[in-house]
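A short worksheet on the structure shown next.
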Amino acid sequence: MTDNNIEIKERRMKFAGHDVTDLADRYGTPLYLMDEARIRENCRRYTDCLDIMPEGSMILYAGKACCFKDMYRIITEEGMGADVVSSGELFTALSAGFDPSKLFFHGNGKTDTDLECAVNEGIGYIVCDNEDELYALSAVASYCRKTQKILLRLTPGIDPHTHKKIRTGGIDSKFGSLICDGTAERLAVAASHMDGVELCGFHCHIGSQIFDAQPFVDAAEIMSEFCAGLYRNHGIKTKILDLGGGFGVPYTDSDPELDVRSTVRSIVDEVKRRFGDVALPAIMLEPGRSIVADAGMTLYTAGSTKSIPGYKNYVSVDGGMTDNPRYALYGSKYRVFLANRAGEKADFRCDVVGRCCESGDIIQPDVLLPEPKRGDLIAVCTTGAYNYSMASNYNRIPRPPVVMLKGGKPTLAVRRETVDDLTALDM
Ligand code: LLP
């Protein structure tokens, strides 16, 4: 794994050049850390591919992976667009000064309020998930006296061999309109004549945490065949082909690594082959996880250690499924360290568990650490994606702050929630 933002020396652990024990003392725990340099490096692995992509192509950051205002500053500076899936993400991007024309609004359950808000804010593109939403948007945009640029989300019918909860390209998916039964073609023809909308192209997203280039190439093939056929049969041009995100990230040493440039090259070659003599569209890619995952680390303070002889050991921490629900949801793997005694012999096998009243509240089972004492510092690596953004207040636990590590300077990007925040909405 590319782990050069983690350093262990003389029992101290550094992340992005910062001593994590010092950061925990200064900001408290639980604490999310984000390494700005790594985020930028990850962005550039994609933006560096624009030279092999058709003109007008763009990389869109999928904000659902980690969404707060400071992220949009970095994404703007890296020259990228972004995808949003709710009025909340849209509002976050806009309040950070993000250019609305570079935003794409996704999701299968946009409300009329979402649609109206997006149209009135001048969002670049709304990605219509299904027939019902297409007609709803046409009505909303016509009422607002606007013509909204749209893409149609299509279901290519692909199984990307990833966890079943994060597969989205299959025929039975809740997302998108089917190509294989003619729905996509019928909707494209209808949209091309519809009031209030301008059909600019098509979108698909087949799933997340995919390590193999082949499912992306298969999706590119099916989508491109569809677009080329649509032009030949109906004269409808595809200006934008948005092929979604899903690029896999290694969380442990045994996870593979996906080569971004060669994957993008294979996708682009496939699009060119299938479009043939039909004018090429701009291609959009929407990485989320692979922009932020390895730029993140979570710090916890160890609480009680409990041994059940003949069974197992538990180490409780001061956070849990409220700041990282990913093991509870997907059985996700993470590397865990005892950060203030790093380098000591790791011979204590234990489950690192959260503080919620729920047996499934596990950060990571079966890890080897030096036996933790109350007050020791536990670091969980590669938590930059789908941790802060999926955090909850279950058991009325306040969400941790996010500290952005930028050069020599840590900056508070999101402050710690307080108990007053938790009761602020109660009447
Ligand atoms: N575009 C669309 C339309 C998406 O739905 C997603 C992710 C992405 C892009 C970004 O995919 P990424 O590059 O991050 O894989 N909570 C799950 C992941 C859910 C992904 C949802 N959609 C997890 O923690 O693994």
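Structure notes:
- Each residue in segment 265-294 was checked for being more than 13 Å from the ligand (Cβ to nearest atom) and of a type in the set (A, V, I, L, M), and 8 pass.
- Residues of segment 341-353 that turn out to be in a loop (DSSP other than H, G, I, E, B) and open to solvent by 10 Å² or more (accessible area, probe 1.4 Å), as a count: 5
- Residue match in segment 323-346 (condition: of a type in the set (A, V, I, L, M) and within 15 Å of the ligand (Cβ to nearest atom)): yes
- Test for GLY28: is it out of contact with any Asp or Glu (no Cβ under 8 Å at 6 or more places or on another chain), on the phi > 0 side of the Ramachandran plot and modelled with pLDDT of 95 or more: yes
- Within this structure, ILE75 fails the test of being within 16 Å of the ligand (Cβ to nearest atom), open to solvent by less than 30 Å² (accessible area, probe 1.4 Å), touching an Asp or Glu at 6+ places or on another chain (Cβ under 9 Å) and farther than 27 Å from ASP112 by Cβ.
- In segment 258-336, counting only helices (runs of 4 or more DSSP H) that sit wholly within it, the ones holding 1 or more residues that are closer than 18 Å to LEU243 by Cα, among the polar types (S, T, N, Q) and in contact with a Gly (Cβ under 8 Å, 6 or more places away or on another chain) span 289-292.
- Number of residues in segment 219-243 that are free of Cβ contacts under 8 Å to residues at least 60 places away in the same chain and within 16 Å of the ligand (Cβ to nearest atom): the value is 3.
- The condition of being within 30 Å of MET34 (Cβ to Cβ) and either of a type in the set (A, V, I, L, M) or within 13 Å of the ligand (Cβ to nearest atom) (or both) holds for only one of GLY88, GLY97, GLY109, that being GLY109.
- Residues of segment 93-139 that are assigned to a loop (DSSP other than H, G, I, E, B), of a type outside the set (D, E, K, R), open to solvent by less than 30 Å² (accessible area, probe 1.4 Å) and out of contact with any Cys (no Cβ under 9 Å at 6 or more places or on another chain): PHE98, HIS106, GLY107, GLY124.
- Just one residue in the set ASP25, ASP3, ASP48 is under 29 Å from THR238 (Cα atoms) and open to solvent by 10 Å² or more (accessible area, probe 1.4 Å); that residue is ASP48.
- Residue that is farthest from the ligand (Cβ to nearest atom), among those in segment 47-65 that are over 21 Å from ASN387 (Cβ atoms) and part of a helix (DSSP H, G or I): ASP51
- Long-range neighbours under 8 Å by Cβ, at least six apart or interchain, first residue under 13 Å from ALA379 (Cα atoms) within segment 350-367, second among the basic types (Lys, Arg): GLN364/LYS333; VAL367/ARG349
- The condition of being touching a residue at least 60 places away in the same chain (Cβ under 8 Å) and surrounded by fewer than 20 Cβ atoms within 10 Å (Cβ to Cβ) holds for only one of GLY303, GLY288, that being GLY303.
- The set of residues in segment 376-414 that are within 16 Å of the ligand (Cβ to nearest atom), under 12 Å from GLY319 (Cβ atoms) and crowded, with 19+ Cβ neighbours inside 10 Å comprises VAL380, THR383, ASN387, TYR388, ALA391.
The values are calculated or read from the model by the stated rules, or taken from the named source; none is laboratory data. From a predicted model like this one, the values you see are computed outputs, not experimental measurements. When we count neighbours, we look across all protein chains shown, and the Cβ atoms used for this are built from the backbone with ideal geometry, even at glycine. Side chains included, ligands, DNA and RNA excluded: accessible areas come from the protein's heavy atoms. Shrake-Rupley method; radii C 1.70, N 1.55, O 1.52, S 1.80 Å.
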